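Peer 1: Take a look at the following structure, please.
The values are calculated or read from the model by the stated rules, or taken from the named source; none is laboratory data. Everything numeric in this text was worked out from a predicted model, so none of it was measured. All Cβ positions, glycine included, derive from the backbone under ideal geometry; neighbour counts span all protein chains shown. Each accessible area value is taken on the protein alone, full model and side chains, heavy atoms only, with ligands, DNA and RNA left out. Shrake-Rupley method; radii C 1.70, N 1.55, O 1.52, S 1.80 Å.
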Amino acid sequence: MKILFLTHSFNSLAQRLFIELTRRDHEVSIEFDINDAVTHQAVELFQPDLIIAPFLKRAIPETIWRQYTCLILHPGIIGDRGPSALDWAIMHNQQEWGVTVLQANADMDAGDIWATENFPMRFARKSSLYRHEVVEAATHAMLTAVTRFQSATFQPMPLDYARSDVHGRLHAPIRQIDRCIDWQHDNTQLILRKIHAADGFPGVLDTLFGESYYLFDACMEEHLSGHPGTLIAKRNHAVCRATVDGALWIGHLKHKQDTQSTFKLAATLALQDHLAEVPEIPDDPFCKQSGMTYRDIWFEEKNEVGYLHFDFYNGAMDTAQCERLRDIYLTITRSAVRVIVLMGGVDFWSNGIHLNHIEQAASPADESWRNINAMNDLAQAIITTDRQLTVAALQGNAGAGGVFLSLAADYIYARDSVILNPHYKSMGNLYGSEYWTYLLPRRVSKSHVQSLIQNRLPIDATDARNLGLIDECFAVNSEEFANKIRQTAESLAKRPDFSALLQQKTHQRELDERLKPLQSYRDEELRQMQLNFYGFDPSYHVARYHFVHKIPHSWTPRYLAKHRRL
Ligand code: COA
């Protein structure tokens with residue numbers, strides 16, 4: 001079928017559906033929801049059999065839903081209506097939630113039901129629930145709905161609140177007053193719930209040092225305490241704030257300013273002028289923590305395998321994070337472990353250099369340069385590891401430099417549900433570095449190098465495995481994946497031919513080095529990056545500004561809008 005996606009952006013859910021439907025031989029074209037005239041034009045040009053709205057913020061024009069079947073993905077259980085579905089589900093501490101595929105009609109979220117899928121709720125950030133549970137359930141529900149649509153016999157179910165299996169209801173849009181934190185009364189659990197329910201967007205509006213900030217990226221602290229509402233500690237990116245019954249960490253803030261556009265920053269960066277008196281309470285990444293606390297890098301060791309976790313918010317890695325991670329990595333290489341597993345974070349493995357912190361820097365060009373060099377130093381440390389075998393374990397998605405960083409490892413495994421964006425071009429024609437010109441051709445054919453880099457499309461773990469980009473993918477569930485990774489890494493460490501494998505790897509590295517030194521790949525890539533950062537063409541700086549400030553799309557790029565290529 002010809003399927004048109006009408007979507008606010010090509011987000012992780014839209015990407016996953018695009019891949020799954022394309023794999024099932026549907027021809028999918030994408031149009032961003034810009035205005036009604038553009039939507040009409042897209043429908044006119046593509047003449048779709050079906051319209052799907054994976055992530056929409058406005059209603060579909062009546063003239064379109066009357067003529068075409070339009071399936072809307074609503075992140076709520078049957079009967080749930082309103083634009084804050086997941087936010088309310090978290091605020092109300094629902095134990096089970098779901099997604100529903102509805103047919104667009106005159107009443108928002110009240111159309112006939114084509115499919116639905118429920119899932120158990122985790123106590124987690126909204127953005128994390130969306131990227132895992134919602135995307136997974138939505139994919140199943142939408143594929144079911146598409147099959148039902150194709151059958152031409154299925155009758156969707158009208159929404160009927162009298163039915164015993166309809167538990168959802170209409171909710172008003174959630175407001176900041178509903179999210180508001182009372183630091184003198186709310187306990188830690190409630191505050192965490194409020195910040196989790198607003199994570200990603202829009203954050204919880206609060207006051208710090210007399211200024212308004214949106215709070216994001218919160219986690220529990222089990223040892224520290226102080227006067228409720230005061231900042232009692234800082235560590236790397238986060239600040240620790242006391243509550244009535246303990247404390248919690250806040251990793252990211254967005255300054256609310258009426259006169260200018262702002263964006264999320266690490267809390268310690270956003271508040272840097274106010275934190276001189278706040279004590280730095282460091283964390284030892286090699287030490288097992290007795291209770292919950294904030295740590296973005298930590299290491300665990302078992303049965304001669306070392307697991308290096310780097311759970312950076314949104315997968316963005318700034319200069320200091322890359323440097324810290326490299327130092328810790330190098331310490332591990334000097335230890336007795338035989339295998340190092342690079343675990344990344346649960347939501348993202350890595351999305352490359354930190355575009356927000358670059359945007360905030362006095363000289364974004366200089367900071368881009370520092371950040372990419374720090375990424376390269378880390379990649380180089382992994383590539384040249386000669387005492388251990390290395391594994392990249394992708395629990396979450398990876399994009400741009402983050403994907404190429406994973407290729408620095410000897411073995412790459414991903415969760416089945418992982419989506420990769422192995423390209424840089426959409427960021428203002430960025431050339432990219434991280435030794436991709438060495439690492440990518442090592443794994444995939446010449447023509448696939450070209451198509452991956454040029455097409456700018458996402459691929460899933462299965463496609464990545466089939467191309468040779470990664471070695472294997474398995475398990476959707478995070479515990480299953482962690483177990484399988486542990487088994488794989490431990491059997492690697494125990495292999496009778498471990499020394500031979502290590503020797504083979506170092507020998508191959510020497511051969512590669514003789515053929516063309518790593519430094520030459522780096523120099524060539526950085527020459528192009530220098531043009532991106534300092535040259536006459538400002539595309540990268542413009543694209544980064546648009547990305548960081550979340551400027552709404554004014555058109556859909558041709559590589560997504562097939563119907564506009566003709
Ligand atoms: N730096 C800073 N923030 C980043 C980031 C980066 N490199 N990559 C992603 N993010 C942030 C996004 O701004 C978004 O922030 P939010 O919490 O305010 O919503 C969040 O991470 C999730 O990203 P989003 O774009 O919504 O996720 P997605 O699944 O739709 O798309 C990518 C994933 C990787 C395709 C997309 O995020 C992207 O293009 N990132 C930039 C990658 C890049 O060019 N890196 C620099 C070159 S190495």
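Peer 1: Scanning for something part of a loop (DSSP other than H, G, I, E, B), open to solvent by less than 10 Å² (accessible area, probe 1.4 Å) and either within 16 Å of the ligand (Cβ to nearest atom) or without any contact (Cβ under 8 Å) to a residue 12 or more places away in the chain (or both), does segment 228-239 turn up at least one residue?
Peer 2: Looking for residues that are part of a loop (DSSP other than H, G, I, E, B), open to solvent by less than 10 Å² (accessible area, probe 1.4 Å) and either within 16 Å of the ligand (Cβ to nearest atom) or without any contact (Cβ under 8 Å) to a residue 12 or more places away in the chain (or both), one finds none in segment 228-239, hence no.
Peer 1: Which of the following residues is among the aliphatic types (A, V, I, L, M), in contact (Cβ under 8 Å) with a residue 40 or more places away in the chain, touching a strand residue (DSSP E or B) at 6+ places or on another chain (Cβ under 8 Å) and more than 27 Å from Thr331 (Cα to Cα): Ala409, Ala365, Ala392, Ala461?
Peer 2: After ruling out the rest, the residue left standing is Ala461.
Peer 1: While we're on this one: Identify the residue in segment 246-271 that is surrounded by fewer than 19 Cβ atoms within 10 Å (Cβ to Cβ) and of a type in the set (A, V, I, L, M, F, W, C) and, among all such residues, is farthest from His227 (Cα to Cα).
Peer 2: Only one residue fits best here, namely Phe263.
Peer 1: Search segment 272-315 for residues being closer than 22 Å to Leu208 by Cβ and within 16 Å of the ligand (Cβ to nearest atom), and hand back the single one that is surrounded by the fewest Cβ atoms within 10 Å (Cβ to Cβ).
Peer 2: Here the answer is Asn314.
Results for (1) open to solvent by 10 Å² or more (accessible area, probe 1.4 Å); (2) within 20 Å of Ala489 (Cβ to Cβ); (3) in contact with a Cys (Cβ under 8 Å, 6 or more places away or on another chain), shown as yes or no for each residue.
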residue	(1), (2), (3)
Asp318	yes, no, no
Arg324	yes, no, no
Ser335	yes, yes, no
Trp349	no, yes, no
Ala365	yes, no, no
Ile372	no, no, no
Gln380	yes, no, no
Gly396	no, yes, no
Leu407	no, yes, no
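Peer 1: Another question, then. Tell me, which residue of segment 148-172 that is part of a loop (DSSP other than H, G, I, E, B) and of a type in the set (Ser, Thr, Tyr) is surrounded by the most Cβ atoms within 10 Å (Cβ to Cβ)?
Peer 2: In this case the residue turns out to be Tyr161.
Peer 1: So which of Phe299, Phe286, Phe263 ends up being free of Cβ contacts under 8 Å to residues at least 60 places away in the same chain, among the aromatic types (Phe, Trp, Tyr) and in a loop (DSSP other than H, G, I, E, B)?
Peer 2: Of the residues listed, the single one that is free of Cβ contacts under 8 Å to residues at least 60 places away in the same chain, among the aromatic types (Phe, Trp, Tyr) and in a loop (DSSP other than H, G, I, E, B) is Phe286.
Peer 1: So Thr506 clears everything in (1) in contact (Cβ under 8 Å) with a residue 60 or more places away in the chain; (2) of a type in the set (Val, Ile, Thr); (3) closer than 22 Å to Ser12 by Cβ except one condition, right? Which one?
Peer 2: Among (1) in contact (Cβ under 8 Å) with a residue 60 or more places away in the chain; (2) of a type in the set (Val, Ile, Thr); (3) closer than 22 Å to Ser12 by Cβ, the lone unmet condition for Thr506 is (3).
Peer 1: For segment 138-158, check the following and say yes or no: at least one residue is charged (D, E, K, R) and without any contact (Cβ under 8 Å) to a residue 12 or more places away in the chain.
Peer 2: No: segment 138-158 contains no residue that is charged (D, E, K, R) and without any contact (Cβ under 8 Å) to a residue 12 or more places away in the chain.
Peer 1: For segment 459-483, give me each residue that is within 16 Å of the ligand (Cβ to nearest atom) and either open to solvent by 10 Å² or more (accessible area, probe 1.4 Å) or at positive phi (or both).
Peer 2: Hits for segment 459-483 are Ile459, Asp463.
Peer 1: Can you pull out the residues in segment 107-135 that are open to solvent by 40 Å² or more (accessible area, probe 1.4 Å), farther than 27 Å from Asp311 by Cα and at pLDDT 95 or above?
Peer 2: Asp112, Thr116, Glu117, Asn118
Peer 1: Answer with yes or no whether Ala152 is on the phi > 0 side of the Ramachandran plot and among the small types (Gly, Ala, Ser).
Peer 2: It is true that Ala152 is on the phi > 0 side of the Ramachandran plot and among the small types (Gly, Ala, Ser).
Peer 1: Looking at Ala218, is it open to solvent by less than 50 Å² (accessible area, probe 1.4 Å) and closer than 19 Å to Leu86 by Cβ?
Peer 2: yes
Peer 1: So which residues in segment 519-566 are within 28 Å of Glu27 (Cα to Cα) and part of a loop (DSSP other than H, G, I, E, B), if there are any at all?
Peer 2: Once the filter is applied, which keeps residues that are within 28 Å of Glu27 (Cα to Cα) and part of a loop (DSSP other than H, G, I, E, B), segment 519-566 yields Pro552, His553, Ser554, Trp555, Thr556, Pro557, Arg558, Tyr559, Leu560, Ala561, Arg565, Leu566.
Peer 1: Looking at (1) open to solvent by 30 Å² or more (accessible area, probe 1.4 Å); (2) basic (Lys, Arg); (3) closer than 23 Å to Gly200 by Cα, which is the one condition that is false for Arg179?
Peer 2: (1)
Peer 1: For segment 532-551, what are the residues that are under 22 Å from Asn455 (Cα atoms) and not hydroxyl-bearing (Ser, Thr, Tyr)?
Peer 2: Across segment 532-551, the qualifying residues are Asn532, Asp537, Pro538, His541, Val542, Ala543, Arg544, His546, Phe547.
Peer 1: Answer with yes or no whether Gly203 is surrounded by fewer than 19 Cβ atoms within 10 Å (Cβ to Cβ) and either within 16 Å of the ligand (Cβ to nearest atom) or modelled with pLDDT of 95 or more (or both).
Peer 2: no
Peer 1: Is segment 32-50 home to any residue that is under 21 Å from Pro173 (Cα atoms) and aliphatic (A, V, I, L, M)?
Peer 2: no
Peer 1: For segment 74-127, give me each residue that is acidic (Asp, Glu) and closer than 27 Å to Gly251 by Cβ.
Peer 2: Asp87
Peer 1: Now for a different question. Can we say Leu330 is open to solvent by less than 20 Å² (accessible area, probe 1.4 Å) and hydrophobic (A, V, I, L, M, F, W, C)?
Peer 2: Answer is no for this residue.
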